[in-house]
Every structure is written in C-alpha cells, then in structure tokens.
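Data first, discussion second: the structure below is written as structure tokens.
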Amino acid sequence: MAEQTVQQLASKRCVPCEGDVPRYSRQEAEEQLQHLHGWQLSHDGLRIGKGWETKDFMAAVEFIGRVAELAEAEGHHPDLHLERYRHLRVEIWTHAVGGLSENDFILAAKIDQLPIRLRGQPRSRS
C-alpha cells in the first residue's frame, strides 16, 4: 500500500469493511505513521494510538464529543479513554481485519484536524 500524506488521507472517507480490505503490515503501518504527528503503533503492530493532555475536564469531554461525531459520520469507531480528568487517548484499528487498514489512518488524519484545547494553551477570545 502506498504511503499517503495527511492531506490525501483527510480528503478520503472511510469505506465500510467486512474483512474484505487488505491489512497493513507492520512496515506499511510504520511508514504511514511517519506522516501523522504523534500517532504511535502498538507493540503488536495492530493498532495506532495518540494521547493528549487537555486544558481541563470539559476540554477533554468536548474533544471526545467531536471525535465521536466524526467517527459516527465515517462509520469507523475508535476506543476513547479519559483518565485523570484531562488525559485523553484514542486507539484505532479495524476490527474486521484484526489490525490496521487505510480507514484507521484516514480517521487519525481527520481527528488531527479537530480543534482541541490543550494544557498550557491560552483560551481563545472568540
């Protein structure tokens, strides 16, 4: 599978999958991750994940809501973890193939485009 830029990934839509799409090899996943800021491959090479430390609890909940709306629109649903009131982690993989598919990288690229209030960022005045 050819590597794609963040812009190429974000311009696509997740495709419904019933296990009929190719699964990324560890090498393919590592190469694709070079284009996504902060996303990491799990030890077993079957998932990607990213963590954030938000400004506060409400910033984390707001971001979870944005991710949930995006995931529902894409028909591709990640695991969302909120711990210690502002530490957020998202994990993505394609259940139907038991590992990673293009959909996972598409969703990750789109998640990175969502607004998020991080710890240490000044509050916007809009």
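Since every read-out is calculated from the coordinates, none of them should be taken as a lab result. As the structure is a computational prediction, the values presented were derived from the model and not from experiment. We place every Cβ from the backbone using ideal geometry, glycine too, and count neighbours over all the protein chains shown.
Arg89 - would you say it is basic (Lys, Arg), surrounded by fewer than 19 Cβ atoms within 10 Å (Cβ to Cβ), in contact with a strand residue (DSSP E or B) (Cβ under 9 Å, 6 or more places away or on another chain) and farther than 23 Å from Glu18 by Cβ? Full working, then the answer.
Working: basic (Lys, Arg): yes; surrounded by fewer than 19 Cβ atoms within 10 Å (Cβ to Cβ): yes; in contact with a strand residue (DSSP E or B) (Cβ under 9 Å, 6 or more places away or on another chain): yes; farther than 23 Å from Glu18 by Cβ: yes.
Answer is yes for this residue.
One residue stands out in the stretch 54-71 among those that are assigned to a helix (DSSP H, G or I), touching a residue at least 24 places away in the same chain (Cβ under 8 Å) and among the charged types (D, E, K, R): the one that is farthest from Arg117 (Cα to Cα), namely Arg66. Of the residues making up the stretch 67-80, those that are of a type outside the set (D, E, K, R) and either under 12 Å from the mean Cα position of the chain (by Cα) or closer than 17 Å to Leu46 by Cβ (or both) are Val67, Ala68, Leu70, Ala71, His76, His77, Pro78, Leu80. Entry remark, the stretch 72-82: residues being in contact with a helix residue (DSSP H, G or I) (Cβ under 7 Å, 6 or more places away or on another chain) and either small (Gly, Ala, Ser) or free of Cβ contacts under 8 Å to residues at least 24 places away in the same chain (or both) number 3 in total.
Checking the stated criteria, Glu31 turns out not to satisfy the condition of being within 16 Å of Leu114 (Cα to Cα) and among the acidic types (Asp, Glu).
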